[in-house]
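The values are calculated or read from the model by the stated rules, or taken from the named source; none is laboratory data. Keep in mind the model is a prediction, meaning the values are calculated, not measured. We place every Cβ from the backbone using ideal geometry, glycine too, and count neighbours over all the protein chains shown.
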Amino acid sequence: MLQESAEKGDIIDLKSVHETDIDKGSIESVVNSIKKDKFNEELAKALQAREREYALTLQIKENELAEKAKATLIDKEATITELQGLIKSAETTKELAVTKAVGAIEKERDELKIRLSSEELDKQRVESSLKDKYETQIKDRDDAIERLKDMKAKLSVKLVGENLEQHCENEFNTVRAGQFPFAYFEKDNEAIKDEGELKGTKGDYVYRDFESKGGTEIISIMFEMKDEQDVSANKKTVESHLDKLDKDRKKKGLEYAVLVTLLEAESELYNRGIVDLSYKYDKMFVIRPQFFVPLISLLKNASLKSAEDKRQLVAAKNSNIDIENFVDNMEDWKAGWSTNMKNAAKKHSEAIEQVEKAIKDLEKVRDALAMSDKHLLTAENKMDALTIKRLTKDSPSVAERFKELS
């Protein structure tokens, strides 16, 4: 009864208690009970205050982390915007560089095409003129060769009992007046020695022809005649006479060398007609007797046409249509074209280098963005991993209180 009154906070009159004979032990028990309840009440109030303070601290910490995350996101967005601007600027720079380089190369290409077209037209006009002349000359020679082949097929054995030299001289004199009115054709009587030689050598006949009496020489030929009547051992083949004939021609300063021979009568090569041996000896021919006069005519006509071509070239020079100048101009143009191509290639290389540099800069930007994303992802992972348990791992009493609250 007394205890219930104490718990209700009623004031107890100790005097009345004494008067009712309550012992001292009962009184002390009542006092201790009152103190314990008061302590528990104060403890509860302190714990509640501590919990409110800790909750406030957590709220502040959460607000700070949220602000930091928000600031980080703002910085990330700003960085992304800045990097996007850099990428756009780099792409624009790259496009301008490529456009500029391609434009320059295309311009040089078009200019070269125009120049090439003009030069090609000039070249074609000149070549067409020369081509017509030489095609006519080739046709004449082909016709002459066909006629000579026919003559060979119809040739009778008219040399029997006649010396080869006499035969050739008679053949020439027969047509001299009509075909060679200004020609010289005589036996070579002057032997000329080379340095170190004990005995000089000479050819059989020398032929020279002129444009007119006392005019310009147009052709000269050294003739050597060898037939089967010459039975000496060292003169049995055509080849054995060629070296001497070439030296005799050079000694006399003559233009052509011709061996007229009946040697190697079964040779298919020499029986075909006029055999050009210029690949072994300069301007040398080997013929059978029936081709003696036709060959002189061919060489004379060729020399006359060559002389005419030379006169035309001189006239062309005087008329500022000089073929040599044309060739020089072509070479100059080719050199200029080569220089332009080298310059174009250099500009192209520079443009490629700039593009590669821009690509490297963009790769650095890409790597920076990737690193930024990595850091932001780490921050987000840390935010997601933030829990009450991690915050209270070093505060067991606080963890216990949160456990009781939950």
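Given the criterion among the charged types (D, E, K, R), in a helix (DSSP H, G or I), buried (at least 18 other Cβ atoms within 10 Å of the Cβ) and in contact (Cβ under 8 Å) with a residue 12 or more places away in the chain, identify the matching residue among Lys305, Lys300.
Testing whether each residue is among the charged types (D, E, K, R), in a helix (DSSP H, G or I), buried (at least 18 other Cβ atoms within 10 Å of the Cβ) and in contact (Cβ under 8 Å) with a residue 12 or more places away in the chain leaves just Lys300.
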Starting from segment 346-358, take each residue that is within 20 Å of Glu108 (Cα to Cα) and list its partners that are of a type outside the set (A, V, I, L, M) and loosely packed, with under 14 Cβ neighbours inside 10 Å, counting only C-beta distances under 8 angstrom and pairs at least six apart or across chains.
-> Ala351/Lys100
Would you check which residues across segment 180-203 are of a type outside the set (Phe, Trp, Tyr) and either in a strand (DSSP E or B) or at pLDDT 90 or above (or both) and list them?
-> Pro181, Ala183, Glu186, Lys187, Ile192, Thr201
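In segment 233-272, what residues are β-branched (Val, Ile, Thr) and modelled with pLDDT under 90? Steps first, answer last, please.
Here is the first cut: in segment 233-272, the ones β-branched (Val, Ile, Thr) are 237-238, 258, 260-261.
Result: Thr237, single match.
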Take segment 365-392 and flag every residue that is loosely packed, with under 11 Cβ neighbours inside 10 Å and either in a helix (DSSP H, G or I) or modelled with pLDDT of 70 or more (or both).
-> Asp367, Ala370, Met371, Lys374, Leu377, Thr378, Asn381, Asp384, Lys389, Arg390
Number of the exception - Arg115 against (1) modelled with pLDDT of 80 or more; (2) more than 30 Å from Ala368 (Cβ to Cβ) = (1)
Per the list (1) surrounded by 12 or more Cβ atoms within 10 Å (Cβ to Cβ); (2) free of Cβ contacts under 8 Å to residues at least 24 places away in the same chain; (3) more than 19 Å from Met371 (Cα to Cα), residue check on Thr92 breaks on (1)
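Test of understanding: among Ile87, Ile80, Ile74, which residue is closer than 30 Å to Ala358 by Cβ, aliphatic (A, V, I, L, M) and free of Cβ contacts under 8 Å to residues at least 60 places away in the same chain?
Details: Ile87 fails: free of Cβ contacts under 8 Å to residues at least 60 places away in the same chain; Ile80 fails: free of Cβ contacts under 8 Å to residues at least 60 places away in the same chain.
The conditions single out Ile74.
Taking the options Lys45, Lys61, name whichever one is modelled with pLDDT of 65 or more, over 30 Å from Leu376 (Cα atoms), basic (Lys, Arg) and assigned to a helix (DSSP H, G or I). Before the answer, list the steps.
Working: Lys61 fails: over 30 Å from Leu376 (Cα atoms).
Step by step, each of Lys45, Lys61 is checked, and only Lys45 is modelled with pLDDT of 65 or more, over 30 Å from Leu376 (Cα atoms), basic (Lys, Arg) and assigned to a helix (DSSP H, G or I).
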